[in-house]
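Asks: Got a structure for you, questions after.
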Amino acid sequence: MVHQRLKHANNANTPLIGSWAAIPSPATAELLAGLGYDFVALDAEHTPMSYETMENMLRAVDAAPYETETIVRVPDDDPTTLKRTLDLDPTGILVPMVETADQAAAIVEATQYPPGGRRGLGITRASEYGLSINNHIKSVEETLVRHVQLESVPAIENATEIAAVDGIDGVFVGPVDLSMSMDCFGEWEDEAFLDAVTHAVEAAHNAGIAIGTLATTADQRAARIEWGVDYLAASVDLTHLADGAAEALDHCLALSDRENKIESTDR
C-alpha cells in the first residue's frame, strides 16, 4: 500500500491521529484501522509480536475500509531487524532509543538500497513477492517513512543534529522514558521536561521534518497537541481495553449496590 500522510506529516493542516497497537492480533489492528485513524503504530519493541503476526496485522490494516497507514516500532536498530520489518511493507518504521546523529545516519544507511545504502533486496511482500521489484526500488524512497524516538537526555541534547540527518522523516518524543531519563517520571508539567519537548519540536520543525508523540488520556491528548506535534498516537489498545472493562465492572457493581439498597429499604 502506498501512502503519503506520515511521509509529509509536517505539512499537514492538522495533526494526524493514530492509535497504538500493543496487542499482537490482526483482529485488533483491523478494528483500529476500521475506525478511521490516520495510522496504526504496531509495537514490536515492548510486546511478544512475531514477524508472522506483524505481517498479518499489516495485511489487516491494509484490508480495512480506510487508507490507514502503518508504522512499526521495531525493537532495535540492528540492520537485520530493520530489513526484515521493511520486507513486510509497513508505511514506515519507528526506531527507539536513538541518541546521536551517527546512529540516525546508520539507520538510514541500513534501510536504503545501494548505492546509497546497504539494504538487501528480497522477494517479499514489499516487492509484491518479486512481481514489481523494479517499481519497488524506484519508488521506495518516495514513500518509505523513517522516524526515530527521542526518549533520553542525550537524545534531546542531540535533537538538532538527529533531525538534520538526510533520510530521517520524523522524530517521536517518548514522554515516559524521557521523563524517567530526566528524573521527573510522569511529571508532565515539569519545567525542564517541557523545555526538552520544546527543544525537540523546534529541532524537528527547523529541519522540516515531522514530530509526534503518544498520549493515553484526554488531558494528555489536549496538552500534547498543544506542544505543536504533527502526529499523535491517541492511546493504546490495551488502555482502551482496560478502561472499557473497568467502566463496565464499576457500572455493574454500582447497579448491584443500588439493587441491594432497594431490597434493604423494602424490608
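The values are calculated or read from the model by the stated rules, or taken from the named source; none is laboratory data. Everything quoted here is computed from the prediction, not taken from an experiment. Counting neighbours? That spans all protein chains shown, and the Cβs are built from the backbone with ideal geometry, glycine included. With ligands, DNA and RNA removed, areas are computed over all heavy atoms of the protein, side chains included. Shrake-Rupley method; radii C 1.70, N 1.55, O 1.52, S 1.80 Å.
Asks: Please pick out the residue among Val165, Val171 that is touching a residue at least 40 places away in the same chain (Cβ under 8 Å), more than 19 Å from the chain's Cα centre (by Cα) and closer than 22 Å to Thr111 by Cα.
Replies: Of the residues listed, the single one that is touching a residue at least 40 places away in the same chain (Cβ under 8 Å), more than 19 Å from the chain's Cα centre (by Cα) and closer than 22 Å to Thr111 by Cα is Val165.
Asks: Of everything in segment 118-148, what is open to solvent by less than 50 Å² (accessible area, probe 1.4 Å) and over 24 Å from the mean Cα position of the chain (by Cα)? Give them in sequence order.
Replies: Result: Gly120, Gly122, Gly130, Ser132, Ile133.
Asks: Out of the residues in segment 202-220 that are open to solvent by less than 60 Å² (accessible area, probe 1.4 Å) and assigned to a helix (DSSP H, G or I), which is farthest from Ala9 (Cα to Cα)?
Replies: That would be Gln220.
Asks: Further question on the same structure: Does Ala63 count as open to solvent by 40 Å² or more (accessible area, probe 1.4 Å) and of a type in the set (Gly, Ala, Ser)?
Replies: yes
Asks: Using beta carbons and a limit of 8 Å, which pairs, at least six apart or on different chains, have the first residue in segment 120-134 and more than 15 Å from Arg84 (Cβ to Cβ) and the second one assigned to a helix (DSSP H, G or I) and not charged (D, E, K, R)?
Replies: The qualifying pairs are Glu128/His136; Ile133/Ser127.
Conditions (1) within 14 Å of the chain's Cα centre (by Cα); (2) within 23 Å of Ala210 (Cα to Cα); (3) in a loop (DSSP other than H, G, I, E, B); (4) touching a residue at least 40 places away in the same chain (Cβ under 8 Å), marked per residue:
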| position | (1), (2), (3), (4) |
| --- | --- |
| Lys7 | yes, yes, yes, yes |
| Ile17 | yes, yes, no, yes |
| Val40 | yes, yes, no, no |
| Glu52 | no, no, no, no |
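Asks: Can you work out which of the residues in segment 19-38 that are of a type in the set (A, V, I, L, M) and outside any helix (DSSP H, G or I) is surrounded by the most Cβ atoms within 10 Å (Cβ to Cβ)?
Replies: So, considering only residues that are of a type in the set (A, V, I, L, M) and outside any helix (DSSP H, G or I), the one surrounded by the most Cβ atoms within 10 Å (Cβ to Cβ) is Ala21.
Asks: To continue, here is another question. Six or more apart or on different chains, Cβ under 9 Å: which pairs go from a residue in segment 227-241 that's under 16 Å from Thr70 (Cβ atoms) and hydroxyl-bearing (Ser, Thr, Tyr) to one that's part of a strand (DSSP E or B) and open to solvent by 10 Å² or more (accessible area, probe 1.4 Å)? Could you list them?
Replies: Tyr231/Leu16; Tyr231/Ile17
Asks: Taking segment 151-161 as the region of interest, how many residues are closer than 16 Å to Phe193 by Cβ, part of a helix (DSSP H, G or I) and touching a residue at least 24 places away in the same chain (Cβ under 8 Å)?
Replies: Counting residues in segment 151-161 that are closer than 16 Å to Phe193 by Cβ, part of a helix (DSSP H, G or I) and touching a residue at least 24 places away in the same chain (Cβ under 8 Å) gives 5.
Asks: For residues that are among the aliphatic types (A, V, I, L, M) and over 13 Å from the mean Cα position of the chain (by Cα), tally how many sit in segment 19-28.
Replies: 2
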